[in-house]
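Worksheet: one structure, shown below.
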Amino acid sequence: MNSLELNKESKLSPEQSAMEETQTTLQTVSEQTNEAVKDASADASPEVPAQESGSLDAEQVEVQQDMEVEKNLAATYAALDRAGLVDALRKIVSQEVTEVREDVELIKQFFYKKQKQELEEQKKAFLANEDAVESDFKPEKDNLEDMLKSLLGDFKAKKAAYAARLEQEKENNLLQKQHILEQMRMLTDSTDDVAAHIGEFKDLQQKWKTIGAVPATVSTDLWKQYNLLQEKFWDLIKINNELREYDFKKNLEAKLLLCEAAEKLLSEEDVVAAARQLQKLHEEWREIGPVAREMREEIWNRFKETTAEINRKHQNHFEKLRQGEEENLARKEVLCEKLEAIDVNELKTYAAWDTATQTVKDLQEEWRTIGFAPRKSNQKVFERYRQACDEFFAKKSAFYKELKAESVENLEKKRALCEQAEALKDSTDWKNTTDKLVKIQSDWKKIGPVQKKYSDDLWKRFIAACDYFFEQKNKNFSNQRSEEQDNLKRKKEIVEKIEQIDVTDVDAAHALLKELMEEFKNVGHVPFKDKDKIYKAYRAAVDKLFDALNLDANNRRLESFRTNLEDMSAKGEQKLYREREKLIRACEHLKSEIATYENNIGFFSSTSKKADSMLKEMERKIEGLKEECRLIEQKIGMIEEKL
């Protein structure tokens, strides 16, 4: 704290010494809380000058008060759109600078925040067009921003004029107070009867009180000089002891009231309001004259201790604010890590990108619910968050452009297959045309996706041509329906024979069962309404006999598959072809596994019990795979016989 050097021969009173000591303590508290105030406020206040001893810096407290007011105003202005914010600024810009300074700054912040959001929405809507390129995006002309800048320019000029006027007033006040100090010094240094100047001295004191603020750089020193001169004057004059004691008593009563008022502030929940009121109490304390010398230290210590406690609560309040901002920073860093952890190289399909996009949007929504981080880190963590989002959506845009080109190529391929299917749909060469259509359908499956607006119609066109051919093919074979009743009768007789097989001789029973199953298989179609019923009776009789004969699982599976072919053939040859392709792929896969295992066996040497055990286990697996492969090949043979 800066102060002018006083006359070395002058001695400070106990109250002055105590107040000067407390001033240092309060200045330290102010410096500690000043950083928290700057962090919490969007508009950093100018550097605050030091104030008179024993109180918080007045302009620092004003900054803290402004922060609380901004929080209350924020809810009001946040609800307005940009046009509403411009109208609100127009209404208040003509008011006093000190009354609307915080309002103007909040309006400015919310305006540009909403403008940024609108630009992002415009850009998002622009990029929603599949042909849109981000570099082609141009924001719409913003007349509202021009209006805002014009109003802000007017307010800035008004604010500058107010600041200049305020500084000039402080300089004038300084000159007046310096003149009063010179007059008071002349009275204290006078060799005349000092008591005759009591009235004149009191007039100077009263005039001093009516003069406003002075530049903060000289405020403390000016007050010390004034306090020293008035105490020196009263110490020099030979006034009536009763009058002196009366003044001391009156001043003591006033200072006791201030102590009580300060102590009540300890229970005030709003610590910022309490600090503001404490500042006013300190101003009143300075205006009250001295008390009896024996009471000065005691009364000042009481007031100083209360001040220190209020300042501690005030400091703790801003410590909590800083802690909350640190927690917000940690949460934002976690969100950034989640965004950065999304591996866009693994996103190969539209569905995968849609899922990832929803995840990013959820993280963005969560970001909006988190408050400010510390001022020194807030911009840095936001840039990290913005970069992660931008990189994700840039990769997404590139993916969609690439797939769009690929989908155009797929569209042409599928149109060509539609034309081939339509050219074959009227053919009566049932066998060859069936093979060709099955091949065309297989080719269709290998082609990638096309755009949604074409895919449904294209698929309907393709399947209509295929269905038409197979319907005509089925009608061609419908002339055999007259035999269905005879076939039904024959199948019933076969079922009865199966049910009557004697299981005493297992081999003979098994041979007879195979003959009857083969006979059942060779019988043609039955009426549709009786198909399920007769098949269930046949299946039940076969299963029952299988259980009685205790046949192995492969034989049962093979016989079961043989009967299932009846259902497949009833649905058309297309069903049989699909089943054959599925079995061929399964057989090739098994053969690949067998080859892998057989190759791996070559690396083993039976030199230990463990290696020998592993070798046997691998041979067992190979034998099982070969058995499964043989079963599948038999099934494929059955389908080819049916075709």
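Available extension along the chain between Trp430 and Ile370 is 14.7 nm, counting 0.36 nm per residue and deducting the alpha carbon span. The calculated FRET efficiency for Asn172 paired with Phe137, based on their beta-carbon distance and R0 = 51 Å, is about 0.35.
In the full protein context, segment 112-253 carries 64 Å² of accessible surface per residue, based on a 1.4 Å probe and ignoring ligands, DNA and RNA. Cut-off under 14 Å on the C-alpha distance; same-chain residues fewer than 8 positions from Lys348 excluded. Which aspartates and glutamates are left, in chain and number order? The qualifying aspartates and glutamates are Glu402, Glu406.
Here the Karplus curve 6.51 cos²θ - 1.76 cosθ + 1.60, taken at θ = phi - 60°, turns the phi angles of segment 282-289 into couplings of 5, 5, 5, 4, 5, 7, 7, x Hz, with x standing for Gly and Pro. Summary value for segment 404-497: 39 percent relative contact order, contacts being C-alpha pairs under 8 angstrom separated by 6+ residues. Using every pair of separate Cα atoms, the Kirkwood estimate puts the hydrodynamic radius of segment 336-384 at 12.4 angstrom. In this structure segment 345-487 gives 64 Å² per residue of accessible area when probed at 1.4 Å with all protein chains present.
Toward the positive end of the charge dipole of segment 220-367, with +1 on the Cβ of Lys and Arg and -1 on the Cβ of Asp and Glu, the farthest Cα among Asn345, Leu228, His314 is that of Leu228. In terms of packing, defined here as the mean over residues of other Cβ atoms within 10 angstrom, the peptides 385-395, 255-265 line up highest first as 255-265, 385-395.
Taking amide H atoms as placed 1.01 Å from N in the peptide plane, list the residues 5 or more away in sequence, or in a different chain, whose amide H sits under 5 Å from that of Asp81. Residues meeting the criterion, in which the H sits 1.01 Å from N, do not exist here. Simple point charges give the picture: +1 on the Cβ of Lys and Arg, -1 on the Cβ of Asp and Glu, and for segment 167-296 a dipole about the Cα centre of about 120 debye. Taken one residue at a time, the phi angles of segment 115-124 give Karplus couplings (6.51, -1.76, 1.60, θ = phi - 60°) of 4, 5, 4, 5, 4, 5, 5, 4, 5, 4 Hz. Gly and Pro are set to x. For segment 371-379, backbone phi angles converted through the Karplus equation (6.51, -1.76, 1.60; θ = phi - 60°) give residue-by-residue couplings of x, 5, 8, x, 4, 5, 10, 4, 5 Hz, Gly and Pro being listed as x.
Bridgeable lysines around Lys232 (alpha carbons under 20 Å apart, same-chain partners fewer than 8 residues away excluded): Lys8, Lys11, Lys177, Lys202, Lys207, Lys209, Lys224, Lys249, Lys250.
Using the Stokes-Einstein relation with a Kirkwood hydrodynamic radius computed over Cα pairs, the translational diffusion coefficient of segment 356-467 at 37 °C and a viscosity of 0.692 mPa s comes to 181 µm²/s. Packing-based ranking of 617-629, 324-336 yields 324-336, 617-629, ordered from highest to lowest mean Cβ neighbour count within 10 Å. Taking every alpha-carbon pair under 8 Å whose residues sit at least 6 apart, segment 187-338 reaches a relative contact order of 24 percent. Between the C-alpha center of segment 240-315 and that of segment 402-444 there is a gap of 97 Å.
Checking the Cα-Cα distances for Lys414/Lys445; Lys113/Lys156; Lys446/Lys642; Lys445/Lys582 against a 18 Å cut-off, the pairs over it are Lys113/Lys156; Lys446/Lys642. Of the residues Ile463, Gln485, His525, the one whose Cα sits farthest toward the positive end of the charge dipole of segment 397-549, with +1 on the Cβ of Lys and Arg and -1 on the Cβ of Asp and Glu, is Ile463. Computed from the C-beta positions of Gln358 and Ala511, the FRET efficiency with R₀ = 56 Å rounds to 0.30.
Given charges of +1 on the Cβ of Lys and Arg and -1 on the Cβ of Asp and Glu, with all other atoms neutral, how large is the dipole of segment 223-293 about its Cα centre, in debye to the nearest 20? Dipole about the Cα centre, nearest 20: 400 debye.
The values are calculated or read from the model by the stated rules, or taken from the named source; none is laboratory data. On a predicted model such as this, the values are computed, not experimentally measured, just so you know. Heads up, the Cβs are rebuilt from the backbone with ideal geometry, glycines too, and the neighbour counts pull from every protein chain shown. Just so you know, the surface numbers come from the protein's heavy atoms only, side chains and all, with ligands and any DNA or RNA stripped out. Shrake-Rupley method; radii C 1.70, N 1.55, O 1.52, S 1.80 Å.
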